[in-house]
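Q: Quick one: structure below, then a few questions.
The values are calculated or read from the model by the stated rules, or taken from the named source; none is laboratory data. The structure presented is a predicted model; accordingly, all values stated were derived computationally and were not measured. Methodologically, a virtual Cβ is constructed for each residue, glycine included, from the backbone with ideal geometry; neighbour enumeration extends over all protein chains shown. All accessible areas refer to the heavy atoms of the entire protein, side chains included, with ligands and DNA or RNA removed. Shrake-Rupley method; radii C 1.70, N 1.55, O 1.52, S 1.80 Å.
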Amino acid sequence: QVQPVESGGGLVQPGGSLRLSCATSGSIFSINLCKWHRQAPGKQREFVAASTRDGDRIYAGSVKGRFTISRDNAKNTVYLQMDSLRPEDTAVYYCEIIAPSGVYWGQGTQVIVSS
């Protein structure tokens, strides 16, 4: 079983950077897909980025060029590097792991972009 745990959220000024981590309790080597989503207050959860087992990366248009998803198989961790942050990036960020054994969500980490 894979249980994702997110960390790295916090308060940052516009234009700043944060790196989110999604640590899993099991090996991510065989995981099909790792995704990041976010949910802003009063809005629906939306897709942010995905990393496939083959190394492909997919981004939402709103974050393309500013966010980078990566994975460290040795550490069983998925990262989301967020640069040039904007107030509209404020949200709770969630990690989703799609593995042969099922789909697993983390509890989320809060990101606030404000001056």
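Q: Considering only protein heavy atoms and a probe of 1.4 Å, how much of the accessible area of the chain is carbon and sulfur, as a whole percent? List each step's numbers first, then the result.
A: Details: 2820 of 5890 Å².
Ligands and nucleic acids excluded, carbon and sulfur reach 48 percent.
Q: Give the Rg (one decimal place) followed by the Dmax (whole number) of the stretch 1-52, computed from C-alpha coordinates and expressed in Å.
A: Final numbers for Rg and Dmax: 13.2, 38 Å.
Q: Label-point separation (nm) for Ile58 and Lys43, each offset 7 Å from Cα along Cα-to-Cβ?
A: A separation of 2.0 nm, rounded to one decimal place.
Q: If you don't mind, another one. If you take every residue apart from Cys22 with its C-beta less than 12 Å away from the C-beta of Cys22, what net charge results, scoring Lys and Arg +1 and Asp and Glu -1?
A: Local net charge: +1.
Q: Provide Rg over Rh for the stretch 30-84; use the alpha carbon set for both Rg and the Kirkwood Rh (inverse mean inverse pair distance).
A: Rg/Rh: 0.99.
Q: Another question, then. If we restrict to alpha carbons, what Rg and Dmax does the stretch 51-115 come to, in Å?
A: According to the Cα coordinates of the stretch 51-115, Rg and Dmax are 13.1, 43 Å.
Q: Tally Lys/Arg at +1 and Asp/Glu at -1 over every other residue whose Cβ is under 11 Å from the Cβ of Thr90; what's the total?
A: Result for the neighbourhood of Thr90: +1.
Q: Sum up the charges of everything whose Cβ sits under 11 Å from the Cβ of Trp105, counting Lys and Arg as +1 and Asp and Glu as -1, but leave Trp105 out.
A: Net of charged neighbours comes to 0.
Q: Counting other Cβ atoms within 10 Å of each Cβ, which trypsin sites (Lys or Arg not before Pro) in the stretch 48-80 have at most 13 and sit in a DSSP loop?
A: On the way: sites: Arg53, Arg57, Lys64, Arg66, Arg71, Lys75; in loops: Arg53, Lys64, Arg66.
Here the trypsin sites (Lys or Arg not before Pro) that fit, given the DSSP loop and packing criteria, are Lys64.
Q: Under unit Cβ charges (Lys, Arg +1; Asp, Glu -1), what dipole magnitude, rounded to 20 debye, does the chain have relative to its Cα centre?
A: 60 debye
Q: For Leu11 and Arg66, compute 0.36 nm times the residue count separating them, minus their Cα-Cα distance, and round to one decimal in nm.
A: Extra length from Leu11 to Arg66 when fully extended: 18.1 nm.
Q: Above 16 angstrom, tally the Cα pairs of the chain and express them as a % of all pairs, no decimals.
A: Tail of P(r) above 16 Å: 55 percent of Cα pairs.
Q: Something else now. Over the stretch 19-77, give the accessible area per residue in Å² for a 1.4 Å probe, as an integer.
A: Spelled out: the 1.4 Å probe surface of the stretch 19-77, per residue, equals 56 Å².
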